[in-house]
Amino acid sequence: MSSKIPVIDFSLFTDGDAAGRRAVAKSITAAFAAHGFVRLINHPVSSSTVSQAFRQSKLFFDLPISSKSRAPNPPDSKVNRGFSYPSPEKVSNLAATANGSNGVNGADESSKEPAQRVPDAKETYDIGSEHNAEQPNVWPPPNLVPGFRGFMTGFYWTLAGFSRELLRALALGINLEEDHFLEFYSAQDNQLRLLHYPEIEAAKLEEGRAVRVAAHRDWSAFTILFQDDCGGFEIESPTEPGKFVPVEPIEDSCLVNIGDLMARWSNDTLMSTSHRVGIPPLLQNRCAGDKRTTQSRHSIGYFVSPMPDTVIKCLPTCYDAEHPAKYAPVTQREYNVSKASMQC
Ligand SMILES: O=C(O)CCC(=O)C(=O)O
Ligand SMILES: [Fe+2]
């Protein structure tokens, strides 16, 4: 059984009249309320831009480790930029992230799965705004992947534009003024993450000796996710907790999912759903000698956050006498610190 995440034509929002925009916005927030995810087609990021992002990402990850490590994620620091990779010695609890304090996602505290310590099976490269002084970017030397820095910097802002449209849709969908979220949003605090899951022996994933990404919920307000056609992405069933259902890749689409911050802000009107990357469908595995090996996989996540001083206080349309506010107000900065401390 595969997931029933609704597929929505986003051009009906970007190009629609007021009534049309409201109707699309309502269908998007209905999908978030029921599934925590929506799949968008005809979104504003052109397929050639997305293809170029995957090409650049692949050029980077195809480099030898010694070259990629010239743009290292600074060790033992709060900066989450640059390259992180799996090492044979490195294990993480539930292996949810390469860098647990990255402020974008984390192990699923509510997961029904037993805690496990297994090797990470992914490598990541994190990029932020060039103007974010607290999180300076870490770039590879320009000759390693020509055009990488220029392209990725532009891509970050292309996705920022898309995220603004999504914030408008979210606001309309939950009966707020269309620009409600924009006063809390500079797009300087987002994180663009390139992910590469190297080829791996299928048995390692099947027997739980490795995971690609273990079950987790994102910390962000929401995440825009582009994936290649490999497969393996799964979300927790909204109706059968603990059961994960595959999400089939669809060409030229992206997924958008609500993170814990927006779930909290909306009093759980919008749902943050646990998801993971596991073994792709068996047909897509291939034989390598006598060992079945899953193909390598690439994806790109864009984690959207409001400005650090934003007070995440129950949105005015998300509570009433019967549904009182469940969570105390907290700033985005405090929220991130508390999420990061749960990773330790
Ligand atoms: O690689 C994917 O498709 C999903 C990655 C993910 O969920 C994350 O990085 O938070
Ligand atoms: Fe995630």
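Tabulated data
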item: Principal axes of the chain: Cα extent on each, largest first, Å; result: 61, 44, 39
item: Approximate spin-label separation A30-E130, in nm, with each point projected 7 Å along Cα-to-Cβ; result: 4.3 nm
item: Eligible lysines near K26 by straight Cα distance, threshold 18 Å, same-chain separation 8 or greater; result: K4
item: 16 Å Cα-Cα reach of K78 towards lysines, excluding residues that sit fewer than 8 places from it in its own chain; result: K339
item: Within-12-Å neighbourhood charge of L182 [Cβ basis; K, R +1; D, E -1]; result: -3
item: Size of charge dipole - the chain - debye, nearest 20, with Cβ of Lys, Arg +1 and Asp, Glu -1, no other charges; result: 680 debye
item: Computed P(r) (all Cα pairs; the range 180-234; 10 Å bins; percent); result: 14, 43, 25, 12, 5
item: Links that overshoot a 25 Å alpha carbon limit, given the list K58/K243; K68/K122; K58/K122; result: K58/K243
item: HN-Hα J in Hz across the range 127-142 - Karplus 6.51, -1.76, 1.60, θ = phi - 60°, x for Gly and Pro; result: 9, x, 5, 5, 9, 8, 5, 6, 10, x, 5, 10, 10, x, x, x
item: Summed residue charge, Cβ within 12 Å of T158's Cβ, Lys/Arg positive, Asp/Glu negative; result: 0
item: Cα Rg, Dmax, the range 1-78, angstrom units; result: 19.0, 55
item: For the chain, calculated [θ]222 nm from helices alone, where every DSSP H run of n ≥ 4 adds -39500 (n - 2.57); result: -7500 deg cm²/dmol
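Read-outs throughout are calculated quantities, based only on the coordinates presented, and are distinct from any laboratory measurement. Just so we're clear, the structure is a prediction, and the values are computed from it rather than from any experiment. Because the Cβ atoms are built from the backbone with ideal geometry, glycine has one as well, and the counts that use them run over all protein chains shown.
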